[in-house]
Amino acid sequence: MGAARSAGSHKTQRALEVVTGGLTWTLLTSPLWGAILAPRYLVFFLLIFNAYWVYKSANMAVSAVIGYRRLLAGQKADWLGMVQGVEGWERLHHLVMIPTYREPPEVLEVMLDHLAAQDFPLSSVSVVLAFEERDLGARERAARLVAQFEGAFRHLWVTYHPDREGEIRGKSSNLAYASRWAKRSLVDEHGVEIERVVVTVCDADSRLHPKYLSALTFGFLTNPSSRHAIWQPALMFYSNVWRIPAVARISAGLYSVWQLSRLVAPTNW
């Protein structure tokens with residue numbers, strides 16, 4: 001019975017995949033076959049399609065301008081001053097997770113430099129550099145970074161994610177391993193209340209604004225649903241814009257504008 005259900009599920013899944021692919025290619029090729037089979041309907045379809053994308057483009061452009069103004073206002077705000085007016089703020093602890101694989105130490109140095117430049121008290125910030133055990137030279141790079149930034153944060157830890165049978169290699173499994181390790185060290189051993197820990201996951205080439213942790217702290221402390229919320233900053237893809245191909249620069253610029261437009265969404269603060 002189980003085998004029959006499995007075969008039926010596979011056939012259903014395959015049928016849905018074929019239907020989805022068929023509809024996609026039908027729409028993509030509609031200007032070709034539509035011009036022959038139904039030119040009048042094709043004209044109406046293209047008019048509606050173009051009107052829709054004009055609306056979407058205008059909406060994104062206006063939202064991006066509003067988002068940019070909000071971004072500038074956020075950069076000028078005294079988040080730390082507002083945070084210090086909230087009771088219990090000093091008991092909040094930030095845990096910054098940085099998964100990395102074969103990143104040169106210079107990239108991580110820049111990331112840690114920006115993290116060390118936060119205006120939020122670094123005595124309440126712990127950092128985990130999550131390396132992969134299979135990454136040759138990881139221990140040498142980690143030792144160099146620890147020696148350079150030792151004492152800058154409350155804790156600067158390094159983990160080495162081992163390859164495990166049945167586990168998919170990648171960022172998620174690395175983070176899962178490092179998160180469990182950090183929980184044992186920060187909460188179980190050092191006694192930090194887990195309810196007062198805010199976790200931030202950064203890419204190795206991230207460059208946080210100096211007020212990032214203060215703004216995040218204020219958002220966390222003033223949001224009644226903070227334990228069930230996720231904060232997403234505006235992502236600007238310009239840190240390595242001159243080291244990537246020209247086509248990728250265009251893509252990075254457009255995606256940065258789209259990120260600004262998302263700041264206007266009602267789910268963002």
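Just so you know, all these numbers are worked out from the coordinates, no wet-lab data involved. This is a predicted model, so every value here is computed, not measured. No Cβ is skipped: glycine too gets one built from the backbone with ideal geometry, and neighbour counts run over all protein chains shown.
Other residues with beta-carbon under 13 Å from the beta-carbon of Pro210 carry, at +1 per Lys or Arg and -1 per Asp or Glu, a net charge of 0. Its Cα gyration tensor gives the chain an equivalent ellipsoid, and the semi-axes of that ellipsoid, as √(5λ) in whole Å with the largest first, are 41, 28, 21. The lysines within cross-link reach of Lys76, meaning a Cα-to-Cα straight distance under 27 Å and a gap of 8 or more places when in the same chain, are Lys211.
Normalising the average separation of contacting C-alpha pairs (under 8 angstrom, six or more residues apart) by the number of residues puts the relative contact order of region 79-232 at 39 percent.
Once the Cα atoms of helix 39-76 and of the chain are each reduced to a long axis, what angle between those two axes, in degrees from 0 to 90 to the nearest 10, is obtained? Approximately 20 degrees, to the nearest 10.
Result for the chain in a Gaussian network model with C-alpha springs under 10 Å: among Asn50, Asn223, Asn174, the largest mean-square fluctuation is at Asn50. Axis angle, to the nearest 10 degrees, between helix 105-116 and the longest C-alpha principal axis of the chain: 70 degrees. Would you list, by chain and number, the lysines whose Cα falls below 20 Å from the Cα of Lys171, excluding same-chain residues fewer than 8 positions away? Once the sequence-local lysines are set aside, what remains near Lys171 is Lys183.
Projecting the Cα atoms of Gly67, Gln148, Leu23 onto the charge dipole of the chain (Cβ charges, centred on the Cα centre) puts Leu23 farthest toward the positive pole. Taking Cα centre as origin and charging only the Cβ of basic (Lys, Arg, +1) and acidic (Asp, Glu, -1) residues, the dipole magnitude of region 79-232 rounds to 220 debye. About its Cα centre, the chain has a charge dipole of approximately 1040 debye under the convention of +1 per Lys or Arg Cβ and -1 per Asp or Glu Cβ, with nothing else charged. Each of Ala130, Leu175, Tyr55 was scored by the projection of its Cα onto the charge dipole of the chain, and the greatest displacement toward the positive side belongs to Tyr55; charges sit on the C-beta of Lys, Arg, Asp and Glu.
For Val158, the residues 5 or more places off, or on other chains, whose built amide H falls under 5 Å of its own are Leu129. Any chance you could give the angle, 0 to 90 degrees and rounded to 10, that helix 2-28 forms with the longest Cα principal axis of the chain? Approximately 70 degrees, to the nearest 10.
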